1. To the nearest 20 debye, what charge dipole does the range B:18-155 have about its Cα centre, counting +1 at the Cβ of each Lys and Arg and -1 at the Cβ of each Asp and Glu?
2. Based on DSSP H assignment, which helices of chain B show an axial Cα extent of at least 18 Å together with a mean Kyte-Doolittle hydropathy greater than or equal to 0.0?
3. Using the Cα centre of the protein assembly as shown as the reference point, and only Cβ charges (+1 on K/R, -1 on D/E), how large is the resulting charge dipole? Debye, rounded to the nearest 20.
4. Where the convex hull is taken over the Cα atoms of the range B:46-88, what is its projected area averaged over directions, in nm²?
5. Take every Cα-Cα pair in the range A:208-322 and report what % of them are more than 18 Å apart.
6. Tell me, what is the FRET efficiency for B:Gln222 and A:Gln95 to the nearest 0.05, using R0 = 60 angstrom and their Cβ-Cβ distance as r?
7. Semi-axes of chain A's equivalent ellipsoid from the Cα gyration tensor, sqrt of 5 times each eigenvalue, largest first, rounded to whole Å?
8. How do A:Trp132, B:Trp248 stack up against each other in accessible area, from largest to smallest, with a 1.4 angstrom probe?
Amino acid sequence: MTISHSSIVEKAADATARATPASFARQVRGLSDRAIAWLFIAPAITLLLAINIFPLIWAVYLSFTNYRANRPNAPIQNVGLGNYERVLNDPDIWQAMQTTAHFVFWTILLQTVIGFALAYLIDRKFRGHAFWTTIILIPMMLSPAVVGNFWRFLYEPQIGLFAYAVSLVSGIPTSDVQMLGNVSLAPWAIVIVDTWMWTPYVMLICLAGLRSIPDYIYEAAEVDRASPWRQFWSITVPMALPFIMLAVLFRGIENFKMFDMVTLLTGGGPGSVTEVASITLKRAAFESWATGRASAFAIVLFVAVFGLANIYVRALNKVKQR
Amino acid sequence: MSANSAHSVVEPSLNSKRIAGAIVVLYALITLIPLVWIFLTSIKSPPDSISYPPKIVFTPSLEGYCNLFTTRTRQTPDYIASLPAPVGTCDEVTRKRNMVIAGPSNFVPRFVNSLVIAFGSTFLAVFLGTLAAYGFSRFRVPLADDLLFFILSTRMMPPIAVAIPIYLMYRELGLSDTALGMILLYTAVNVSLAVWLLKGFIDEIPREYEEAAMIDGYTRLQAFRKVVLPQATTGIAATAIFCLIFAWNEYAFAALLTSGEAQTAPPFIPTIIGEGGQDWPAVAAGTTIFLIPILVFTILLRKQLLRGITFGAVRK
């Protein structure tokens, strides 16, 4: 059946449907298309409204009150912008935002560099590349919390494999490799696990980017006698850039929300050097039970992610159009 | 180079392939070390698991698995001598350490919770997602692009940001710490992914198939059921596995909204404690059992992986 033929049939059917009274049409063809469309889409939208949008609106409301979830019967007072003022003037929260920014920066930098390099190498299509690619992809499919918990064991200075391997290579005694207990090392301990888990993610997207570059562009460059270095910077990187940026966007959003892995590895410690925004938020909401203030912080976070993501997507679209 | 001259100019030389292969294999092996170590620890005895230097050669022991499935109490040798002979391997292993089995541990119920919640929410998400995706793919829905973006943007929210009102809402509705509550929550999170992925898959099925069926006298719903659904099976299966993996691995909501009855395995496994701290072989055993289904799915899914993790934004 050709397309033009089918559209003629469709038009004829539409004309018939319009000419037929609705009740009769229902008897003949079952429900009308419009009814089916809404019937099909409505349940998913309703669920999202009930479990995503309604809570978000509720959080906005709570952020203007002094409500405490552990005292549900206490009178609720409207405090205006008080919560927002406190959140934005709280040095601890700014500290947490800074910590989060550091994590996002370093994890994305490492994951992009290593992920792209791996993708570039896998794109050489050596023997067995499909098998090894699958092996590399395993960590990102696992539960960050469950695996993060086990990494705590690997990091143990006296008994863990990590400290042993480091001391074997560098000669530093294992008692000095206190990855989780040392204030300057603990953030890196998390960066290492996150990089281990999510480099494959960036690699996979970069690989798709590299495979999308048509061979004839390289052939043309070869005819023009462009050096491999020149080809890499003038063809490979710019052509793969939209994909790399997409990976950075997805990883950025995810790492901004980072919670499970940090909770299990350090719980925010030692002191509060690894206390990222979600952990501060969790403490305010479920330990201090300052529901109103926590909601204000949640809204600030959401607006920050949403705003940054939107600006970034605009940049991404510009790169795509080039 | 001469061996390669017959190939196209863009074909990498044999040497560069070898070097690339060696580096990638080395990276893959390093990546695997923590996973292999989890498995090895799960079959070590507790003293072996914490010996220094870390033991690579050891006598395998099922103690970790025994400790995972049971709770034990330490008893005096006299009391243990007075007990009847041990029944089964676990009993024997436990007695050797002057302990008796006090009863089953919480691992099995928590694992069952994970299964129920992951499969329940996956089924619902895929069901709702398939309907919505078909709706968006085949009908002219007003504001379709805005609705689709709205569906996607629900995924950007940090889980903790919505956890507070959901916690309050669930408390009002009596859904806190219930499997149903968790199923609904994970369904809501997964339905966005399901709609986006399935819309891509359904868009690829030619409309002509349904139109032909409708000309043959099928109604729209019959055409959907008998023509489109069978064609979309692969896509639906892939989507289901992605939803399953998310619900299986999720920790933040599970840790904040469940405490007992409906707790899933991810918040439970880190709390497995032996005498004086974490019982690492038991934790490793729990982790191993928990990771196995995902390993299988990863291998099954490798072709669709890219689509799933990028919401179908990138196709391979």
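1. Dipole about the Cα centre, nearest 20: 160 debye.
2. Taking the DSSP H segments of chain B (at least 18 Å long, mean hydropathy at least 0.0), we get B:14-42, B:107-138, B:159-173, B:179-203, B:233-249, B:280-301.
3. The dipole magnitude comes to about 940 debye.
4. Computed as one quarter of the Cα hull surface, the answer is 4.4 nm².
5. Counting pairs separated by more than 18 Å, the tail of P(r) holds 66 percent.
6. Working from the Cβ atoms, E equals 0.50.
7. Square roots of five times the eigenvalues give 43, 38, 19 Å.
8. A:Trp132, B:Trp248
The values are calculated or read from the model by the stated rules, or taken from the named source; none is laboratory data. Model, not experiment: these values are computed from the prediction. Positions of Cβ are generated from backbone atoms using ideal geometry, with glycine treated the same way; all protein chains shown enter the neighbour counts. Just the protein is used for accessible areas: all its heavy atoms, side chains included, with ligands, DNA and RNA removed. Shrake-Rupley method; radii C 1.70, N 1.55, O 1.52, S 1.80 Å.
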